[in-house]
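Bear in mind these aren't lab numbers, they're just calculated from the coordinates by the rules spelled out. As the structure is a prediction and not an experimental result, all values here were calculated from the model. Every residue, glycine among them, receives a Cβ derived from its backbone with ideal geometry; neighbour counts consider all protein chains shown.
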Amino acid sequence: MTKKTSKEESLAWAKDAYDKLKDRRDNPIKFRSKLEEKVAFLLSELGVFYEYETKKIPYVIQHNYTPDFVLPNHTVLECKGYWDAADRRKIKQVKKDNPDIDLRMVFQSPFNTISKRSKTTYAQWCENQNIPWTSYNNIPLDWLI
């Protein structure tokens, strides 16, 4: 069953749409491409109200993680010199999606900070995520056997 719209509701909606359209003309939108600009022009010419890039919709893309080393004891060693934000997100998601994996980080410099603006080191980040870590020079023997 569809709800009937009163004339007053229709007029209120049209006035609101017109005001928003007028606002857009006063403050032109910067589109990311000429195609988007053409579609926006078409919509406007047809009197179709739209919102441009006003919502964020989360999504997940399935990827496969290829560990650096998988040992006979099923320990996974991931070795990092420079460790950027994308790599940290990947490791965090791998651990989240595979809680039984025995993933351990081996760093060239575990006390480097994760960014110029952060005081958090690679080692501290791992500790916050409950991921064992070590430096290359101090790999514990019990990790390897």
- Item | LYS119/ASP142 FRET efficiency (R0 22 Å; Cβ-Cβ; nearest 0.05) | 0.10
- What residues have an amide H closer than 5 Å to that of SER135, excluding those fewer than 5 places away on the same chain, when H is modeled at 1.01 Å from N in the peptide plane? PHE107
- Item | ASP68 versus ASP87: modelled label distance in nm, points set 7 Å from Cα along the beta carbon direction | 0.7
